[in-house]
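Take a look at the structure set out below.
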Amino acid sequence: MAYQDILDGIYNEVIQIENTGKVADYIPELAKVDANKFGIALVDKHQNVFTKGDALEKFSIQSISKVITTSLIFSKIGNDLWERVGYEPSGNSFNSLVQLENENGIPRNPFINAGALVIADLMLDHFENPKKFLLDFVRDLTENPNINYNENVAQSEKAFGYRNAALVNFIKSFGNIKNEPEAVLDFYYHQCSIEMTCVDLAKCFQVFSNNGVIPKSDKKFLSTSKCKRMNALMQMCGFYDQAGEFTFKVGLPGKSGVGGGVVAVFPNHYTVAVWSPKLNKKGNSFYGLETLERLTTETSLSIF
Ligand code: DON
């Protein structure tokens, strides 16, 4: 497949579309980004890397980190995970509180904020130094030892994180958070503040397109069944209340973040990451979705 030509063509098409999105500003530090950045990176199953635009500039991965923490906990505790968090799409926005009361503090899935906070709680229970463990793991997956947390972004979110504070306290009132809310939030804000480039991100998700095997070390991190389930979660829940539309238009498992990143996984073919900070009304990158829709349409290939 002539991926470079395809990326070049798509980039040139998408950049001409009027971008009606808006940069996330509820985390003040994120609002400082150059709104016109636009990068794409695709890594194929032989680890060939194809890039276009600002693919080598770092950005805040935000909610994309939820896939990584969930996979760590899933690999560690297996199906016990589903007693703490569900695996159904929520049909609600990423930071919604509304379902939790009726559902006794069990979040619908690990990718909405409520679910990711329960996963953060589990990270504190299952790893001695969870911040270091997560960073080392991400450095391994990306093959980049320079990946880091952005302390300014983490502190900026903490200063205005009233909704996440409400979520974690509400879930704790049902007994589904074991640690102190402060500690859970601190870990969660740090995981969201991880920065990487489109190339790093596409490499990071290769484990999900490669049957749970980390390509560089050939280590089987997730069983084939667990890898299938991670991709299923991304397909059903990766774009919150736009997950249906993403499946309808793109047809790949994927995950978005409010930093403007989107990553998608085509099992046994490629991973692709797009970064463009302006978000649509559902909190997903406007150009990111335009790009990926064109990618699966123009290659005539998707999981469907
Ligand atoms: O908790 C938050 O609101 C952010 N740290 C992450 C949200 C996010 O990325 C939603 N994704 N589209």
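No lab work stands behind these numbers, since they all come straight from the coordinates. Small disclaimer: the values here were computed from a predicted structure and weren't measured. When we count neighbours, we look across all protein chains shown, and the Cβ atoms used for this are built from the backbone with ideal geometry, even at glycine.
You will find that of Ser217, Ser302, the residue that is assigned to a loop (DSSP other than H, G, I, E, B), of a type in the set (S, T, N, Q) and in contact (Cβ under 8 Å) with a residue 60 or more places away in the chain is Ser217 and no other. Among the residues making up the stretch 143-161, a single one is touching a residue at least 60 places away in the same chain (Cβ under 8 Å), surrounded by fewer than 23 Cβ atoms within 10 Å (Cβ to Cβ) and in contact with a strand residue (DSSP E or B) (Cβ under 6 Å, 6 or more places away or on another chain): Asn150.
Results for (1) in contact with a helix residue (DSSP H, G or I) (Cβ under 8 Å, 6 or more places away or on another chain); (2) under 22 Å from Glu128 (Cα atoms), shown as yes or no for each residue.
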residue	(1), (2)
Asn144	yes, no
Phe160	yes, no
Ala166	no, no
Asn169	yes, no
Pro181	yes, yes
Phe187	yes, yes
Thr197	no, no
Cys204	yes, no
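Determine whether the stretch 177-185 contains at least one residue that is in contact (Cβ under 8 Å) with a residue 60 or more places away in the chain, crowded, with 23+ Cβ neighbours inside 10 Å, aliphatic (A, V, I, L, M) and not in a helix (DSSP H, G or I). Yes, the conditions are met somewhere in the stretch 177-185.
Just one residue in the set Ser71, Ser60, Ser96 is more than 14 Å from the chain's Cα centre (by Cα) and surrounded by 15 or more Cβ atoms within 10 Å (Cβ to Cβ); that residue is Ser96.
Of the residues making up the stretch 153-200, those that are of a type outside the set (Asp, Glu) and in contact with a Ser or Thr (Cβ under 8 Å, 6 or more places away or on another chain) are Val153, Ala154, Gln191, Cys192, Ser193, Ile194, Met196, Cys198, Val199. Reported count of residues in the stretch 162-176, each being surrounded by fewer than 20 Cβ atoms within 10 Å (Cβ to Cβ) and either in contact (Cβ under 8 Å) with a residue 12 or more places away in the chain or of a type in the set (D, E, K, R) (or both), is 9. The helices (runs of 4 or more DSSP H) found entirely in the stretch 22-128 that carry 3 or more residues being touching a residue at least 12 places away in the same chain (Cβ under 8 Å), within 16 Å of the ligand (Cβ to nearest atom) and of a type outside the set (Phe, Trp, Tyr) are 65-77, 113-126. Comparison of Leu252, Leu222 shows that the only residue that is away from the ligand (no atom under 16 Å from the Cβ), over 17 Å from the mean Cα position of the chain (by Cα) and assigned to a loop (DSSP other than H, G, I, E, B) is Leu222. If you check Asp241 against the conditions, is it touching a residue at least 12 places away in the same chain (Cβ under 8 Å), of a type in the set (D, E, K, R) and surrounded by 24 or more Cβ atoms within 10 Å (Cβ to Cβ)? Criteria not met by Asp241.
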